[in-house]
């Protein structure tokens with residue numbers, strides 16, 4: 001296994017991409033689930049049976065330190081999108097029973113908040129400068145990470161086709177510094193109204 005690491009901005013983009021692929025592509029989610037490298041962590045002292053003995057590792061036993069080092073930035077970005085746009089609330093909601101008008105109203109609120117969070121913490125720019133619908137030619141050696149070929153892909157470059165999506169590239173990511181011991185897996189704390 002390679003000991004190289006991906007750059008921070010690439011990891012943020014990849015986490016964002018994986019979030020939506022996992023949500024909407026069950027096969028991809030299953031492959032990713034099987035490929036994850038889950039460290040064996042000790043059971044939490046709070047997870048015990050009736051006799052006081054530990055029942056073994058539980059999902060809640062994963063420490064926040066593991067989240068801080070492995071998925072911390074992705075969790076932090078997801079937390080910001082939840083805080084400002086209620087993205088997680090929206091995605092967790094089963095919207096099948098709602099009218100299109102109700103979904104549209106909710107989508108506007110989520111869009112406005114998530115857009116505000118994105119612009120505050122990142123600069124995202126198009127991968128390609130041409131307008132969508134323009135004819136483009138890709139010569140040999142084009143960046144396959146930046147351009148995905150769709151349709152009937154045969155032969156060798158140069159390829160000529162129509163730009164269907166300009167793509168997005170993060171050119172700046174600035175996440176807030178975390179202060180103290182904070183469990184980054186908590187995307188939004190539960191709220192209890194007293195009174």
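Rule-based calculations on the coordinates, nothing more; no lab input. Here the structure is a predicted model, which means the values were calculated and not measured. Note: ideal-geometry Cβ built from the backbone for every residue, glycine included; neighbour counts use all protein chains shown.
Using the number of other C-beta atoms within 10 angstrom as an exposure proxy, rank 135, 169 with the fewest first. Don't skip to the answer; put the middle values down first.
Values: 135 9, 169 15.
Ordered from fewest to most neighbouring Cβ atoms within 10 Å, 135, 169 come out as 135, 169.
The slack in the chain from residue 92 to residue 18, taken as 0.36 nm per residue of separation less the alpha-carbon distance, amounts to 25.0 nm. Between residue 111 and residue 175, what FRET efficiency comes out of the Förster formula 1/(1 + (r/R0)^6) with R0 = 22 Å and r the beta carbon distance, rounded to 0.05? Plugging the Cβ-Cβ distance into 1/(1 + (r/R0)^6) gives 0.55.
Highest mean packing comes first when the peptides 154-160, 85-91, 182-188 are listed by Cβ atoms within 10 Å, giving 85-91, 182-188, 154-160.
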